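Here's the structure we're looking at; comments come further down.
Every read-out reported here was derived from the displayed coordinates using simple, explicitly stated rules and does not represent laboratory data. Here the structure is a predicted model, which is why all the values come from computation and not from measurement. Cβ coordinates were reconstructed from backbone atoms using ideal geometry, including for glycine residues, and neighbour counts include every protein chain displayed.
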Amino acid sequence: MSGEKTIRLSRRYEAHGRAFDSLTFREPKMADFEAVGEIAEYQPAPEGGMLIINHDDRVWRYRDRLLKRGDDLPSAADLGDLDLADAIAVKEAITGFFTRARAKPLAAPPTC
């Protein structure tokens, strides 16, 4: 995985003395996964198949943990006024980390 994901926002925002038009998120680590958990769960549907239950509250907790920090960068508190399209882009960036991690082939076990 690339380690970071930068989202170009649809416009320039200003909050708490900071102006920003992009957000960068780092890749989740095991400590993040242990603290926050899965962003979705799969349960059997009554008519067969699977039902996906999304945990958006966990996506937003990952957003707060993974947002790149710095003096001139926005904080998680600055993101409340993002337009809906930008909020959806943030959500897709976070869920994308999980999609890519699951698609990544595991290393082959050592052979003797």
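Name the single residue that is nearest to Lys5 (Cα to Cα) among those in segment 22-41 being of a type outside the set (A, V, I, L, M, F, W, C) and in a loop (DSSP other than H, G, I, E, B). Even if it seems obvious, please write down each step before you answer.
So in segment 22-41, the residues of a type outside the set (A, V, I, L, M, F, W, C) come out as 22, 24, 26-29, 32, 34, 37-38, 41.
Retained after the next criterion (residues that are in a loop (DSSP other than H, G, I, E, B)): 27-29, 37-38.
Details: Glu27: 8, Pro28: 11, Lys29: 14, Gly37: 20, Glu38: 19 Å.
Taking the candidates together, the pick is Glu27.
Restricting attention to segment 15-52, the residues that are free of Cβ contacts under 8 Å to residues at least 12 places away in the same chain, closer than 23 Å to Asp71 by Cβ and surrounded by 10 or more Cβ atoms within 10 Å (Cβ to Cβ) total 1.
Looking across segment 55-101, the residues that are under 16 Å from Ala19 (Cβ atoms), surrounded by 12 or more Cβ atoms within 10 Å (Cβ to Cβ) and among the acidic types (Asp, Glu) come down to Asp78, Asp83, Asp86. Within segment 51-65, the residues that satisfy the criterion of being part of a strand (DSSP E or B) and of a type outside the set (Val, Ile, Thr) are Leu51, Asn54. With the condition kept exactly as written, say whether any residue in segment 42-50 is out of contact with any Asp or Glu (no Cβ under 7 Å at 6 or more places or on another chain), within 17 Å of Gly3 (Cβ to Cβ), of a type in the set (D, E, K, R) and outside any helix (DSSP H, G or I). Scanning segment 42-50, I find no residue that is out of contact with any Asp or Glu (no Cβ under 7 Å at 6 or more places or on another chain), within 17 Å of Gly3 (Cβ to Cβ), of a type in the set (D, E, K, R) and outside any helix (DSSP H, G or I), so the answer is no. Every condition in (1) under 16 Å from the mean Cα position of the chain (by Cα); (2) assigned to a loop (DSSP other than H, G, I, E, B); (3) not acidic (Asp, Glu) holds for Pro109 except the one numbered (1).
Among the residues of segment 44-51, is there at least one that is more than 12 Å from the chain's Cα centre (by Cα) and closer than 16 Å to Arg102 by Cβ?
Filtering segment 44-51 for residues more than 12 Å from the chain's Cα centre (by Cα) gives 44-51.
Okay, now just the ones that are also closer than 16 Å to Arg102 by Cβ, so 50.
Yes: one or more hits.
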